[in-house]
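Report on the following structure.
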Amino acid sequence: MNTHELWQAVLGELELTLSKANFTTWFKNTSIASFESDRVIISVPNTFTKAWLEKKYNAAILKSLQTLNGNTALRHVVYKVDVRPQMKMPTQESFQVAAVGGTDTQTLTREDSLTSAKRSTVGDTMLNPKYTFETFIVGKGNELAHAAAIAVAENPGTKYNPLFIYGGVGLGKTHLAQAIGNEVVRRVPSSKILYVTCEKFINEFIQAVKQNRGKEFKDTYRNVDLLLIDDIQFLTGRDGTQEEFFHTFNTLHQNNKQVVLTSDRPPQQIPALEHRLISRFQMGMTADISSPDFETRIAILETKCKERNYELEPDIVRHIATVVQSNVRELEGALNKIIAYHQFKNTKPSLEGAKSLLSSFAPSQSKKNVSAKQIVNTVSSYFDVSVADMVGKCREKRLAFPRQIIMYLMREEMQSSYPSIGHELGGRDHTTAMHAYSKISREVETSPKLRQDIDLIKQRLYNA
Ligand code: ADP
Ligand code: MG
């Protein structure tokens, strides 16, 4: 294995343990610069990445290098900032995506792939023509964010400014943000649109300061009609980027230019984010995306099959939608696995074949293994109340609500009878359990916040 192959293998391992956003953010444009007996030097694109890899991923990288290389003498990983030509401050025109539209559209692809480090200038525009509203499936988990995104695309700068979309990994935040960009450019082809990841914004700012190109940076970011910044939760640095972003934001906002931000969490939960930015982010509209429900998962799978001209038996579609619950990216991953198998073996997998192909997607514990006690414990700790209070007599609202969620989950996840649910919760009447179940079921339909709470509780329950 040469060093390039070794590094690709290390990346392959790391990719499995990280979210895609994290992985692309921290490992894009990294490589092995040199390899000696006891140390490896990794070349990284900037100091920001260097600090982060040293702090967060050093142990995992070292371990992975040792095992993959079979080299026990290896002791140190050193990170060296290497400014290669393609990482320099991009030129003015590569920032703008006004070129989107017409025949150019076909050649635009967003560069996520680590292997093809060489990017064309057009590719640098970063809007992926594939991410449109037409290809976005709307379900309960994302309807609010979708509606807000449409409103913004139709009336940029006037309706909701900024639009702040947040939700877990792989749920379509990037897709929606880019769909806004693609739609705005379709309506008004001369619009100046800029899509960047937060990491890129930070890198470019740092480079601009270093190279005395502050004015150019400002001109670029402050003269657009629509600024889309993806994964803004990374804007936590103390190096002046928050300050710079604050002024960029104010300038755009005052001029009625639209800003769209995405994040994996709501503004107030972004660590080390300055208060004045939190309040700016909350000025417009905040919309969350939660995991797709079963029907939506089916609809997404069917659409993805159609897009790829691939026919899949309904029972296999249902099976995928049953085992893959958390996010859309995994749904696509499962589908890709099936298609790859088909191409490779030249035969369609049977339902049984599909089941074993997808066994790695199944939750680690099957649902029936969850006990009443686990549900009580998990919900109590989620809401920070004591187990004793949950089974106790007190009917305070603070306690009644988590208690109702426990009853709801016992019914949903364990198919427990109402009398036995009442019994588990300190000998309550079965009508109380029935009431709780129907109340929470109803609220789940209308409250994205509650749906998110329940999703998170289930995640803890099954991944504990
Ligand atoms: P995030 O940015 O939230 O991590 P992405 O926008 O990258 O997620 O979505 C992951 C993948 O799932 C993309 O290929 C995207 O097209 C697809 N996807 C997500 N949500 C939907 C949806 N509602 N309909 C169709 N495809 C979706
Ligand atoms: Mg994303």
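The values are calculated or read from the model by the stated rules, or taken from the named source; none is laboratory data. All of these numbers come straight from a predicted model, not from anything done at the bench. Ideal geometry is used to build each Cβ from the backbone, glycine not excepted, and the neighbour counts take in all protein chains shown. Each accessible area value is taken on the protein alone, full model and side chains, heavy atoms only, with ligands, DNA and RNA left out. Shrake-Rupley method; radii C 1.70, N 1.55, O 1.52, S 1.80 Å.
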Task: Close pairs (7 angstrom Cβ cut-off, 6 or more residues apart or separate chains): crowded, with 21+ Cβ neighbours inside 10 Å in the range 244-270, assigned to a helix (DSSP H, G or I) and of a type in the set (D, E, K, R) anywhere - done: Thr248/Arg222; Phe249/Arg280; Leu252/Arg222; Thr262/Lys173
Open item on the list: Give all pairs with beta carbons closer than 9 Å in which a residue from the range 337-353 that is under 17 Å from Asn309 (Cβ atoms) meets a residue that is open to solvent by 70 Å² or more (accessible area, probe 1.4 Å) and modelled with pLDDT of 90 or more; count only pairs at least 6 apart in sequence or on separate chains.
Closed with: Lys348/Glu311; Lys348/Glu313
TODO: Within the range 158-209, track down each residue that is within 15 Å of ligand 1 (Cβ to nearest atom), open to solvent by 20 Å² or more (accessible area, probe 1.4 Å) and among the hydroxyl-bearing types (Ser, Thr, Tyr).
DONE: Tyr166, Thr174, Thr197
TODO: Quick one: in the range 166-181, of everything that is aliphatic (A, V, I, L, M) and near ligand 2 (Cβ under 9 Å from one of its atoms), which residue is farthest from Ile289 (Cα to Cα)?
DONE: Ala177
Open item on the list: Restricting to the range 158-188, and then to whatever is among the small types (Gly, Ala, Ser) and modelled with pLDDT of 95 or more, can you tell me which residue is farthest from Gln254 (Cα to Cα)?
Closed with: Gly172
- [ ] Those residues that are open to solvent by 10 Å² or more (accessible area, probe 1.4 Å), away from ligand 1 (no atom under 11 Å from the Cβ) and in a loop (DSSP other than H, G, I, E, B), I need them from the range 292-348; list them, please.
- [x] Asp293, Arg308, Asn309, Tyr310, Glu311, Leu312, Glu313, Gln325, Ser326, Asn346, Thr347, Lys348
TODO: Search the range 222-243 for residues being assigned to a loop (DSSP other than H, G, I, E, B) and either among the aliphatic types (A, V, I, L, M) or within 13 Å of the chain's Cα centre (by Cα) (or both), and hand back the single one that is farthest from ligand 1 (Cβ to nearest atom).
DONE: Val224
Task: Residue identified as closer than 22 Å to Thr49 by Cβ and modelled with pLDDT of 50 or more among Leu144, Leu65, Leu127 - done: Leu65
- [ ] Inspect the range 372-394 for any residue being farther than 28 Å from Leu144 by Cα, outside any helix (DSSP H, G or I), touching a helix residue (DSSP H, G or I) at 6+ places or on another chain (Cβ under 7 Å) and of a type in the set (Ser, Thr, Tyr) and give the result as yes or no.
- [x] yes
